[in-house]
Amino acid sequence: MSASFIEAMTAAAAQRPNALLTVASDVRPCTTRLAEVVAAGQRMGTRMIAAGILPGDIIGCMLANWREWLVVAVAAAHAGAVMLPIVTIYGAKELGFILRQSGAKWLFTPDSFRNIDYSAVVAGCGELSGLERHIVTGPAFEALESEGAISQPVDVNPEDLALLVFTSGTTADPKGVMHSAQGLLAELETMRLMRGGSDDDAVISPWPPGHVAGALSMYRYLCQGSPLVLMDQWDAALAARLVEQYRVTSSSGTPFHLSGMLAAAEANGHDLSSLRQYLVGAAPVPASLIEACQRRGLAVYHCYGSSEHPTVTSGVVDDPLDKQLHTEGRAIIGSEMRFVDDDGNDVPAGEEGEICTRGPELFMGYLDPVLNEAAFLPGGWYRSGDIGRLDAEGFLLITDRKKDIIIRGGENISSKEVEAVLLGLDAVADAAVVATPDERMGEIVRACIVLSSGASLSLDDIRDHFSAAGIAKQKTPERLSIIDELPRNASGKVLKHALRNCS
């Protein structure tokens with residue numbers, strides 16, 4: 001049987017106790033080693049057990065890219081509990097929904113971070129009958145990880161739920177995506193084999209750990225002992241300096257992260273020669289950016305995945321340039337793909353269809369079982385909602401999105417959720433939300449509004465409304481188009497493609 005998370009973590013700490021963790025932060029900077037992090041987590045997990053945390057209980061962790069996030073992850077694994085990472089910028093509306101649907105017993109947050117008072121956010125969530133403890137960073141947190149005895153870890157099945165990640169996806173409410181330790185450890189091992197290089201190669205991660213990509217970067221350190229450099233806020237100039245200082249060899253991010261780091265390195269004279277490969281996902285990648293990297297000797301390639309199936313395809317450093325430029329790579333070890341029509345029937349080879357996937361890394365299903373019927377075809381094939389095809393060499397090309405999402409700087413934003421908030425404005429008679437291209441973020445939210453009779457509306461009005469509603473800032477529209485009516489087809493469905501093409 002495969003290992004559980006705590007078995008993988010303790011094995012990694014024994015084999016690579018001095019694996020370096022560096023946290024670049026104005027709030028909680030840290031330099032430490034893997035053995036220290038795992039031991040602190042084991043002590044915290046021991047105290048969780050003593051406090052009544054049972055196997056399968058949910059532990060919410062609304063922390064940034066800090067050492068403390070890693071400690072909580074170890075503690076949850078030690079107690080046989082389920083780790084629930086939560087995006088730090090979520091407001092009371094999103095957080096309240098996640099805590100209520102998950103039934104989280106404990107919640108870890110900062111006291112404050114980036115001008116957010118987390119006690120106020122939790123207070124604004126309303127009734128949280130299942131939440132027993134809210135622990136903030138500082139003395140309360142430190143008491144849970146302080147020196148003391150370490151109990152035996154709780155024995156759990158690696159196939160059981162171990163990580164619960166909420167993603168907004170395409171519905172108005174977030175969806176709870178369930179992963180087992182077995183699945184995520186398979187993902188980590190596959191990517192280790194595909195990366196090549198040495199286990200001593202340092203990685204820098206810009207991904208917030210509330211998302212599956214960020215969480216996997218953290219678990220890679222905990223379960224494999226690869227040196228890790230973290231930032232709690234993206235700063236391109238700092239990233240370039242850290243790559244030079246720690247001789248970082250690989251990273252991942254969006255075009256926004258990569259282009260910003262390259263520009264900062266050039267402006268400030270930082271040496272990025274140690275950086276050999278960069279995995280780009282979550283947003284369309286300009287060919288000019290990859291070509292600029294090629295001139296530097298930096299191999300940049302795409303990947304394709306989701307919260308539900310973290311990596312389906314990936315490029316590798318040896319792929320031909322045209323494949324790195326224009327495809328999402330080939331299926332990773334163990335992953336399978338099918339391409340189907342609207343009725344779930346396979347389309348002819350090489351033709352476009354909805355991408356359906358299977359593999360060891362595939363999630364266990366949604367926390368809300370009602371969502372599973374539409375998400376899977378018989379045989380356990382996950383319907384991604386994306387449209388694509390394979391070329392003659394087996395490389396994946398994404399040609400469209402069936403899902404109605406906006407990908408802003410790697411963050412999935414539900415159009416339906418934003419539209420529902422807009423319709424709460426008296427000035428709005430009708431509303432639709434679409435992605436609009438943005439050089440910095442890849443895509444941003446554009447609101448197409450039909451005004452109520454005699455009304456007026458500005459972006460400032462919209463910002464104030466979203467702030468009052470407790471909605472995360474990145475979901476707030478940044479472009480506004482006032483139109484006479486929304487284009488619809490004969491059945492009344494809004495024609496989003498027509499809106500994307502208008503100013």
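Numbers below:
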read-out: Residues that are crowded, with 20+ Cβ neighbours inside 10 Å and closer than 23 Å to ALA267 by Cα, drawn from region 202-230; value: ILE204, SER205, PRO206, VAL229, LEU230
read-out: Residues satisfying the stated conditions in region 340-372, i.e. under 21 Å from ILE387 (Cβ atoms) and assigned to a strand (DSSP E or B); value: VAL340, ASP346, GLY353, GLU354, ILE355, CYS356, THR357, ARG358
read-out: Per-region count, region 433-459, residues more than 25 Å from the chain's Cα centre (by Cα), crowded, with 20+ Cβ neighbours inside 10 Å and among the small types (Gly, Ala, Ser); value: 0
read-out: Selection count where residues are closer than 22 Å to GLY138 by Cβ and basic (Lys, Arg), scope region 70-118; value: 2
read-out: Qualifying residue in region 320-331 (condition: within 30 Å of PRO17 (Cα to Cα) and part of a loop (DSSP other than H, G, I, E, B)); value: no
read-out: Residue check for ARG389: among the basic types (Lys, Arg), under 28 Å from ASP319 (Cα atoms) and assigned to a strand (DSSP E or B); value: yes
read-out: In region 193-215, residue nearest to ILE98 (Cα to Cα) [restricted to those that are assigned to a helix (DSSP H, G or I), touching a strand residue (DSSP E or B) at 6+ places or on another chain (Cβ under 9 Å) and not basic (Lys, Arg)]; value: VAL212
read-out: Tally of residues being more than 16 Å from GLU393 (Cβ to Cβ) and of a type in the set (A, V, I, L, M, F, W, C) across region 291-338; value: 9
read-out: Selection from region 402-431 of residues that are more than 20 Å from GLY470 (Cα to Cα) and either over 19 Å from the mean Cα position of the chain (by Cα) or of a type in the set (Phe, Trp, Tyr) (or both); value: LYS402, ALA429, ASP430
read-out: Residue list for region 251-282, restricted to those being over 13 Å from LEU238 (Cα atoms) and of a type in the set (Gly, Ala, Ser); value: SER251, SER252, GLY253, SER259, SER273, SER274, GLY281, ALA282
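Read-outs: derived from the displayed coordinates by stated rules, not from any lab. Computed from a predicted structure; not experimentally measured. All Cβ positions, even for glycine, are placed from backbone atoms using ideal geometry, and neighbour counts span all protein chains on display.
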